[in-house]
Every structure is written in C-alpha cells, then in structure tokens.
Amino acid sequence: MGVKGLQSFMQRCCPEVCVPVNLREMASQHVARNTATATAHSAGPTLVVDGMACLRHWYTCENWVCGGQWREYMDVLKSWVEAFNSTGIRLVFFFDGVVEEQKRREWVKRRHRVNGQISKIFRHIKEHGEQPGRQLFCLPSGLAAFTSFALRSLGQEVFCSVQEADFEIASYARQHCCMGILGQDSDFIIYDSAPYLSVEKLRINSLTTVLYDRQRFCRAIGLAITQLPLLACLLGNDVVSTEQMQHIRNNAIATYRKSNPAPDHGAPQVETVLAVSQYVSSLWGGQEEETGHILQCMNLSAPHRELLKRGICSYLLPGQEALQRGVISSCPSACAMEKYVSPETLKACREKHVATEGFMVYPVLCEGVVECSNTLEDEEDAELLPQALVFKPCRQRIYGLLLGHDGSTVDTPVIREWFVFPGNPLKEPDMVHPVPVSLPGGLPSLDLLWFGTGSDVTSLRLTSFLTILDCQDFTELYGTIEVSLLAVLCLVTYIVLQVPAVSQEDVDAYLSQGVCLSMKSPQELQYIKLPFLSSRAVQLGSLYVRGLSNLLGANCASGYPLPNTALMPWHSFDGQLFQSKYLLAHSGTEKTVLLDSDSSCLSLFLHLREKLIETCRKQGRVLQSRPRPNAPDLSRKKNTSAPGYRETHAGWTSGCREGWRTTGEVRGEQRHEGGWRERGEERRGQSEHDNRERLGERGGHGGGGHGGGGQHFHPHSYPDHHSGGRHNMSHPPRQSRGRSYRSRGRYQLAPRWSQSPAPGT
C-alpha cells in the first residue's frame with residue numbers, strides 16, 4: 001500500500017522523525033532490551049524485510065532490458081545477505097502472494113502506467129539500438145517470483161503472503177518483537193508495529209540507514225498512534241483512493257487556513273497532511289472514543305463510511321481490534337475451489353505457498369484468481385504474441401490438472417485471470433476454463449500426484465508435467481541430460497508450437513545460450529558487449545523468462561517431478577548472452593562459432609535441436625529459416641571508423657550489415673543503462689556475443705554454474721527434496737496442443753478472443 005504524500009512529508013517537514021541509525025548498534029541495543037526474547041528465538045536480532053520494496057535496490061546489474069542478468073543478480077543477493085548475517089542480524093523476507101480485490105483498481109492503474117513506460121522503452125530501443133537511461137528503468141520480468149526462490153536457496157527464511165504483504169510484515173514484526181521493518185512504504189508508519197527503516201537510505205557497506213520514528217511523527221502532527229489509520233485513509237491509500245475523500249480534504253484545508261493564514265503554498269501536500277491531521281484530531285472529544293462512533297459522526301455517505309471502515313481495518317494487527325471497536329474486521333475467505341480438492345491438498349497448497357515452495361497453485365485453488373504484472377512486450381510488434389496468450393494453453397492444462405477437470409460441462413470451474421499486456425484494458429478479468437490433461441489411465445487425483453509414492457507415481461508426475469507442455473516425447477531424455485537443459489528444451493519447444501513467427505534462428509539462439517551458459521562465469525557474462533539491441537530479441541528474452549514461471553506452475557501442479565531449482569533462470573538464461581546468440585544466429589554464423597568452438601557444446605546443441613524439430617514436425621509445425629540481420633541506423637550515434645563487430649569477434653561472418661560497430665573495445669567498458677518492459681522489434685540488443693571465443697576463459701563458474709561441457713549428458717544433481725531420482729518412464733500418448741494463437745497486430749481484448757487471429761506477415 002502506501003499513504004499518498006506521507007513519505008515525502010516526513011522527509012521534508014519533520015526532520016526530527018528521520019533518525020540516522022547504525023544497524024549494528026541498533027541490533028546490540030535491541031538484544032540488550034529484549035534479552036529474554038532473543039534467547040527464546042535463539043536467532044539474535046531479527047529484521048523483517050519487505051522483499052518487493054528491495055527489488056530495485058537489489059537489481060543493480062547494468063543490463064536490465066535483455067531479460068535479466070541472473071547469475072550476476074544472484075551474486076548481488078548473496079553479498080547483501082552476507083552483510084547482515086556477518087553481524088548476527090537475522091533476516092526474514094516477505095513477498096506479495098496475492099492482490100486483494102479491494103486494491104484491484106489501484107493495481108490496474110499502476111499496470112497501465114507501466115505499460116506507457118514500456119512503450120517509451122521500446123521506442124528508444126528502436127530509435128537508438130540501446131537501452132534507455134535509468135529514468136525508464138523497469139525490473140526484469142518475473143524478478144519478484146524468482147527472487148523469493150533465490151533467497152531461499154541462500155538459506156534465508158522467506159514467506160509469500162496470503163493477505164496484503166504489508167499487513168503480514170507488520171504482524172510478524174510485532175508478534176516476534178523484531179528490531180525493525182526494512183522497506184520503503186509509509187504504511188509502516190501507520191501500523192503500530194516494529195520501527196520502520198528505509199531501504200532507500202540503506203548503505204550496505206556501513207549498514208546505516210534512516211529510521212522513521214513513529215512516536216516523534218505523532219507528536220509532530222498532534223495525533224495518537226490509534227488515530228493514524230484514519231489519517232492514512234483520508235489522505236488516500238490503496239484501499240481508499242484520493243478521489244473518494246477529496247471533499248473531506250477540501251473542507252479540512254479550508255478550516256486549517258482560517259487558523260493558518262500563511263500556509264506553505266509551495267508544498268500543497270504539506271498543507272494537506274497538516275490540515276487533515278488537525279481535522280482528525282478535532283473528531284476525538286477524548287481518547288476513549290471508538291473509531292466506529294467517530295465515523296458515524298462524520299459527514300459521509302453510507303458507502304464511503306463502509307469504505308473507511310475497511311481501510312482502517314486493514315491497519316489493525318492481531319490483538320489490536322479491541323482498540324478500535326465498531327470497525328469491521330477482515331476474515332480470510334474460504335478457498336474458492338475447495339469442492340474440487342481435498343482438505344489435505346488445500347492444506348499442503350497453502351503451506352507450500354507460504355514457504356515459497358509453490359507457484360501459481362495457491363492462487364488457483366484458494367483464490368480462483370491468477371494475475372501477472374507487466375512484461376517487456378512491444379505493442380507495435382504485429383508478429384510476436386504477448387506472453388499471456390502464448391502460455392494460456394499451458395495454464396489451462398495446469399488448471400485442469402489441479403481441479404480434476406475431465407472435460408465435462410457439469411459444474412465447470414472458472415479461473416479469473418488478470419494478465420497485463422498491450423491492448424488489454426483490464427476492466428474485468430478473463431474468465432478462463434480449465435482444459436483436460438490426457439494421461440495414460442485417465443486423469444489422476446491431485447492427492448495421488450502430491451502424496452503418492454512409488455516409481456509409478458514418479459513416472460506419472462513427469463508424464464503430467466511433459467503433457468502440459470506438449471513434450472511427451474521427451475520422457476526418454478530424463479536422466480540423460482541435465483534437468484535444467486530438459487527444462488530449456490521443453491520451454492523452447494512449447495514456444496515454437498505456440499508462436500508461428502518463431503524461426504530456426506530464434507531456436508538456435510535459445511538453445512545455444514542455454515547450452516553455453518554453464519561455461520560462463522558471471523564476470524564473463526557481465527562483460528559481454530553488444531553492438532546494438534534488437535527490440536524483437538528483447539521480447540523473446542522476456543517471453544522465455546515468463547515461460548520459466550509457467551514451467552514452475554506446471555511442475556508444482558504435477559507434484560514436483562523436477563526440482564524447482566532446475567527451473568530457475570540463473571541455471572538456463574542470461575539476457576546479454578541470449579542477445580549475443582540472437583545476433584550471431586540471425587547473421588548466419590556457423591554453428592561451431594555459435595557454440596563457442598566447443599565440440600561438446602556443439603554436440604549437445606545439435607542433439608537438443610534434433611529432438612525439438614522432430615517433436616514439432618509430429619505436431620505439424622515445421623521450422624522455417626527467417627534470418628533478421630536488420631540493424632538500426634546508428635550512423636549518427638556510432639563512430640563508424642571504429643572496428644566493427646565482425647572485425648573484433650571471430651565468427652561474425654555472414655549476413656552482417658556494414659556499419660555495425662561495437663560500443664567499445666575495452667572489456668570493462670560501461671554498458672548502456674536500460675529499461676524493461678516493452679515488446680521487442682528487430683533492432684533489440686541481440687546481446688553481442690562478446691563470445692570471447694577464447695576457450696580458456698571459462699573458469700570460475702560462479703552463480704551456480706553446471707560444470708564443464710564434457711558433463712552435459714550427465715544428470716545434474718540439485719539439493720531439492722522433491723527430486724524423485726531417475727526412473728524409466730513410458731511414453732504417454734501425445735495430446736492435442738489445443739488452440740494456437742497467432743498475431744494480429746495490436747492485442748485488443750485478446751484474452752477473450754473466441755478464435756485465432758489471422759497470421760502476421
């Protein structure tokens with residue numbers, strides 16, 4: 001959430017509220033005050049971290065538009081966590097797990113705003129062939145979801161919320177007497193919980209930041225802590241919009257000006273906060289008056305009064321309801337799909353969701369609602385489909401497996417989808433029906449998939465997962481190649497089957513970067529230089545990363561046939577590496593060079609590509625070669641006398657336009673900053689394959705590298721308790737892949753298309 005203008009008010013007008021603190025010293029003082037509590041927890045001082053608020057501060061990788069520098073990002077997270085752990089500070093992370101319906105309108109407004117930003121990003125890429133400046137910075141797609149898994153893999157305690165994340169953070173911090181809440185949300189001043197610490201002001205090397213003192217804030221504005229929730233609602237937050245309480249604020253400002261004839265007209269928000277604070281204070285004849293009674297005395301319509309009640313209630317933590325009697329309390333609603341699944345399954349579903357072991361399953365079974373935020377997709381690209389449509393058949397089969405849907409029309413469940421993409425007005429959810437998953441022996445129960453034992457069940461889990469992705473033929477590959485590469489092959493095959501515009505060159509780029517990734521250290525990946533960016537490759541990169549999250553959903557629904565670790569992007573994708581492979585593949589580079597002149601990588605690449613082509617051919621999809629060597633006209637941006645990419649990198653031989661230039665010859669040269677969420681066109685920074693063609697530069701496989709090329713055909717071991725080992729599995733019959741969407745320019749109301757649009761040209 002967040003109270004409109006309150007954060008800037010504190011920083012601008014209440015310097016006494018903003019207290020510089022050293023977290024090491026604060027931790028020591030906290031332990032001294034709470035010795036008994038600290039001993040009981042045996043974990044030292046605890047800092048509750050708002051993970052969503054930290055994402056922009058964690059993702060410091062220079063390239064953010066290509067789909068994510070995931071290995072480098074993992075190193076950043078590891079260093080960040082170690083900085084706290086080395087001082088004895090325990091970290092507990094929370095991430096948003098749901099979007100509450102009372103906040104849906106605000107969520108939609110923000111999504112539309114980001115879509116506008118994405119349009120500017122793609123416009124810049126097409127015009128300049130490079131990332132835009134930091135002013136258009138957007139986080140890589142899927143960063144929040146994958147970060148929770150990343151932190152868990154680093155041994156951290158991570159929770160995914162089942163209510164508003166801010167509420168759960170404040171509740172946890174209060175219940176466990178934590179030393180503070182690290183975030184960047186003014187709601188943490190309103191909650192009567194642990195001290196609110198700024199992540200924006202955090203200096204990780206010195207572990208210093210700013211504490212926003214709640215008691216001093218109340219003294220500065222003349223209110224009690226119990227009156228802060230009403231102040232927040234009248235100023236405007238995610239529950240009560242600023243428009244709905246505008247008349248109250250207008251009256252408060254008019255009254256305030258009578259006693260303060262010389263307001264600070266240069267800062268209207270300052271005046272607003274002071275005026276509304278004075279108004280709230282005037283409503284209480286005494287501190288014992290109930291909030292419910294106060295609301296009855298206000299000049300409000302019945303709907304607005306109920307709205308304020310809901311807003312105030314959202315700030316009341318467990319045990320605090322008695323402080324403000326007369327205000328309705330919120331109770332968790334029953335699981336939306338409980339009649340389709342057993343209580344044991346629902347219990348396990350919730351536990352896995354909270355512990356960040358699951359993905360997509362909880363929203364489907366317990367909420368009946370699934371949402372996906374903005375993705376880097378180009379609204380002007382008439383050829384590439386939005387990821388929401390590409391992976392819709394996959395999601396429908398996931399729903400079918402979760403809800404035991406066998407295709408009957410009796411009591412058919414429906415999932416409400418809120419997926420963001422250009423052209424979708426988000427005025428209402430897309431009502432999506434589950435699709436049956438055809439498996440040998442019929443549709444298994446979720447209880448069997450999740451709790452069953454034995455080799456037959458293990459085989460059934462893998463068959464279910466592969467069937468959801470139209471990749472039943474890949475059963476024989478399980479145990480013969482690394483699990484992460486099996487995931488790459490499944491995902492790329494699914495994309496090829498669903499997107500007619502994907503070419504042989506695109507597949508070569510996807511597969512070659514997946515194969516070569518394990519040979520690169522984070523440092524090598526970081527120093528890849530790109531001659532320019534291709535907007536089309538930007539969208540393909542985002543499409544791939546979003547696809548990984550759908551694979552996670554399929555894996556969780558199927559009972560974890562693969563370890564979730566194998567589906568993480570740092571094991572199969574790097575944005576700059578993909579861009580470089582894309583450029584090389586579309587320039588006609590020889591496959592040997594595309595695979596870094598490594599014979600084992602080349603052999604594995606050809607093996608995977610052969611399997612993909614064979615599977616696609618069986619389903620009537622024949623890959624076509626469609627090279628796109630188009631580069632933007634950068635003659636006015638680049639120094640044309642500089643050595644070209646073809647001259648400085650072996651293998652850049654055919655199909656390359658004259659005039660393409662490197663951005664610099666120095667390995668450590670600073671790369672262009674970038675932005676993230678627009679759909680690609682053909683000029684996107686096909687991450688120049690700095691490809692170092694020097695085979696001796698493979699050392700130091702940081703960030704979870706998979707080992708050398710000679711090991712590629714051996715199964716990779718992941719520390720995940722869901723891994724079921726290797727088993728012989730029969731080939732299940734192939735299922736129809738269902739509706740295949742094709743492009744038709746802008747995507748207007750696309751989630752509700754009743755038939756496939758005409759193919760793009």
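Are any residues in region 484-507 within 17 Å of residue 560 (Cα to Cα) and either of a type in the set (S, T, N, Q) or surrounded by fewer than 23 Cβ atoms within 10 Å (Cβ to Cβ) (or both), and if so, which ones? 484, the sole residue that qualifies.
Looking at region 346-380 only, could you name the residues that are open to solvent by less than 20 Å² (accessible area, probe 1.4 Å) and over 23 Å from residue 434 (Cα atoms)? Scanning region 346-380 gives 356, 374, 375, 376, 377, 378. Pairs are defined by a Cβ separation below 9 Å, a sequence spacing of at least 6 or placement on different chains, a first member in region 605-626 that is over 24 Å from residue 536 (Cα atoms) and part of a loop (DSSP other than H, G, I, E, B), and a second member that is small (Gly, Ala, Ser) and open to solvent by 80 Å² or more (accessible area, probe 1.4 Å); the pairs so defined are 619/736. Based on this model, can you work out whether residue 365 counts as more than 23 Å from residue 96 (Cα to Cα) and either touching a residue at least 12 places away in the same chain (Cβ under 8 Å) or not in a loop (DSSP other than H, G, I, E, B) (or both)? Against the criterion (more than 23 Å from residue 96 (Cα to Cα) and either touching a residue at least 12 places away in the same chain (Cβ under 8 Å) or not in a loop (DSSP other than H, G, I, E, B) (or both)), residue 365 does not qualify. Of everything in region 229-238 that's open to solvent by less than 10 Å² (accessible area, probe 1.4 Å) and part of a loop (DSSP other than H, G, I, E, B), which residue is nearest to residue 315 (Cα to Cα)? The extreme case among them is 237.
Can you confirm whether residue 243 is under 24 Å from residue 108 (Cβ atoms), part of a helix (DSSP H, G or I) and at pLDDT below 95?
Details: under 24 Å from residue 108 (Cβ atoms): yes; part of a helix (DSSP H, G or I): no; at pLDDT below 95: yes.
So residue 243 fails the test.
When region 290-303 is limited to residues that are exposed (fewer than 13 other Cβ atoms within 10 Å of the Cβ) and assigned to a loop (DSSP other than H, G, I, E, B), the one that is modelled with the lowest pLDDT turns out to be 299. Scanning region 472-483 for residues that are farther than 24 Å from residue 582 by Cα and open to solvent by less than 10 Å² (accessible area, probe 1.4 Å) yields 472, 474, 475, 477. Within this structure, residue 186 passes the test of being in contact with a helix residue (DSSP H, G or I) (Cβ under 6 Å, 6 or more places away or on another chain), small (Gly, Ala, Ser), more than 20 Å from residue 45 (Cα to Cα) and crowded, with 21+ Cβ neighbours inside 10 Å. Set side by side, the residues 364, 354, 370 differ, and just one is touching an Asp or Glu at 6+ places or on another chain (Cβ under 6 Å) and closer than 30 Å to residue 307 by Cβ, which is 370. Surrounded by 24 or more Cβ atoms within 10 Å (Cβ to Cβ) and over 18 Å from the mean Cα position of the chain (by Cα) - does that describe any residue in region 161-172? Yes - at least one qualifying residue is present in region 161-172. Please enumerate the residues belonging to region 70-116 that are within 28 Å of residue 571 (Cα to Cα), open to solvent by 40 Å² or more (accessible area, probe 1.4 Å) and in contact with an Asp or Glu (Cβ under 6 Å, 6 or more places away or on another chain). Of everything in region 70-116, nothing turns out to be within 28 Å of residue 571 (Cα to Cα), open to solvent by 40 Å² or more (accessible area, probe 1.4 Å) and in contact with an Asp or Glu (Cβ under 6 Å, 6 or more places away or on another chain).
Using the structure shown, decide if residue 459 is crowded, with 22+ Cβ neighbours inside 10 Å and in a helix (DSSP H, G or I).
On the way: crowded, with 22+ Cβ neighbours inside 10 Å: no; in a helix (DSSP H, G or I): yes.
So residue 459 fails the test.
Taken over region 393-432, the criterion of being closer than 20 Å to residue 500 by Cβ, open to solvent by 10 Å² or more (accessible area, probe 1.4 Å) and under 19 Å from the mean Cα position of the chain (by Cα) is satisfied by 422 alone. The listed residues are 209, 147, and the only one of them that is in contact with a strand residue (DSSP E or B) (Cβ under 9 Å, 6 or more places away or on another chain), of a type outside the set (A, V, I, L, M), crowded, with 20+ Cβ neighbours inside 10 Å and more than 29 Å from residue 374 (Cα to Cα) turns out to be 209.
Taking region 436-454 as the search range and keeping residues that are assigned to a loop (DSSP other than H, G, I, E, B), in contact (Cβ under 8 Å) with a residue 60 or more places away in the chain and open to solvent by less than 50 Å² (accessible area, probe 1.4 Å), which one is nearest to residue 542 (Cα to Cα)? Only one residue fits best here, namely 437.
Quick one: would you say residue 120 is of a type in the set (D, E, K, R), closer than 30 Å to residue 423 by Cβ, modelled with pLDDT of 95 or more and open to solvent by 10 Å² or more (accessible area, probe 1.4 Å)? Spell out how you get there, then give the answer.
Numbers: of a type in the set (D, E, K, R): yes; closer than 30 Å to residue 423 by Cβ: yes; modelled with pLDDT of 95 or more: yes; open to solvent by 10 Å² or more (accessible area, probe 1.4 Å): yes.
So residue 120 passes the test.
Tell me whether region 10-22 contains one or more residues that are within 30 Å of residue 538 (Cα to Cα), in a helix (DSSP H, G or I) and touching a strand residue (DSSP E or B) at 6+ places or on another chain (Cβ under 7 Å). Among the residues of region 10-22, not one is within 30 Å of residue 538 (Cα to Cα), in a helix (DSSP H, G or I) and touching a strand residue (DSSP E or B) at 6+ places or on another chain (Cβ under 7 Å), which makes the answer no.
The values are calculated or read from the model by the stated rules, or taken from the named source; none is laboratory data. Computed from a prediction, not measured in an experiment: that's the story for all the values here. When we count neighbours, we look across all protein chains shown, and the Cβ atoms used for this are built from the backbone with ideal geometry, even at glycine. Only protein heavy atoms, including side chains, enter the accessible area calculation; ligands, DNA and RNA are left aside. Shrake-Rupley method; radii C 1.70, N 1.55, O 1.52, S 1.80 Å.
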